[in-house]
Each structure stands twice: as structure tokens, then as C-alpha cells.
Amino acid sequence: MCHQTVGLVQKICEENNLICSTISIIDEITKKLKIKRYLSVPYELGFPLGKYDDFNGQINNIKKLLSLI
């Protein structure tokens, strides 16, 4: 997905009192959009939760993301 599109949708949701959080792989875009709640991850594009075979790592990332809400 396009980081800028997701960021803009999140920003509009937040402005309308719908709390949400996103995962950011490209922090420059997220910071430029001034997104309030996001989880910065060091993974490659296409793998926002981490390695496809690391189930426990993916669960931990989802828990971190949900903790931002």
C-alpha cells in the first residue's frame, strides 16, 4: 500500500475522532504527514510485520501496534 495514502486516511480518521494506528516502513513520509500513532518498523516493503515465517515476531508487532491506541 501507498504510505502517503494510508497516512492521509489515518489523519482524516483521527480528525473525525476515529482513533487508529498504522505501521510505517518509510518514516519520512509518516513524519511529514504528522501522524500521531504509528509503529516504525525496520522491515522491507511488503513485509510490514516482519519475516513471513516469524509468527511470534508478527504477534509482538501487532501487540505493539494495538498498544498505541
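The values are calculated or read from the model by the stated rules, or taken from the named source; none is laboratory data. Bear in mind that the values here come from a model prediction, so they are computed numbers and not experimental data. Note that each Cβ is placed from the backbone with ideal geometry, even for glycine, and that neighbours are counted across all protein chains shown.
Of the residues making up region 21-59, those that are closer than 13 Å to V6 by Cβ and of a type in the set (G, A, S) number 2. Can you pull out the residues in region 18-40 that are touching a Leu at 6+ places or on another chain (Cβ under 8 Å) and under 16 Å from L68 (Cα atoms)? S21, T22, I23, S24, R37, Y38, L39, listed by residue number.
Say whether the condition of being modelled with pLDDT under 95 and in contact with a Pro (Cβ under 8 Å, 6 or more places away or on another chain) is met by at least one residue in region 26-40. Taking every residue of region 26-40 in turn, none turns out to be modelled with pLDDT under 95 and in contact with a Pro (Cβ under 8 Å, 6 or more places away or on another chain). I59 meets the stated requirement of being modelled with pLDDT of 90 or more and in a helix (DSSP H, G or I).
Only one entry of L39, L49, L66, L8 meets the criterion of being touching a Lys or Arg at 6+ places or on another chain (Cβ under 6 Å) and of a type outside the set (F, W, Y), and that entry is L39. For region 44-56, the set of residues classified as assigned to a loop (DSSP other than H, G, I, E, B) and either modelled with pLDDT of 95 or more or not aromatic (F, W, Y) (or both) consists of E44, L45, G46, P48, L49, G50, K51, D53, D54, listed by residue number. Taken over region 10-48, the criterion of being surrounded by 15 or more Cβ atoms within 10 Å (Cβ to Cβ) and either in contact with a Ser or Thr (Cβ under 6 Å, 6 or more places away or on another chain) or free of Cβ contacts under 8 Å to residues at least 12 places away in the same chain (or both) is satisfied by Q10, S24, T30, Y38.
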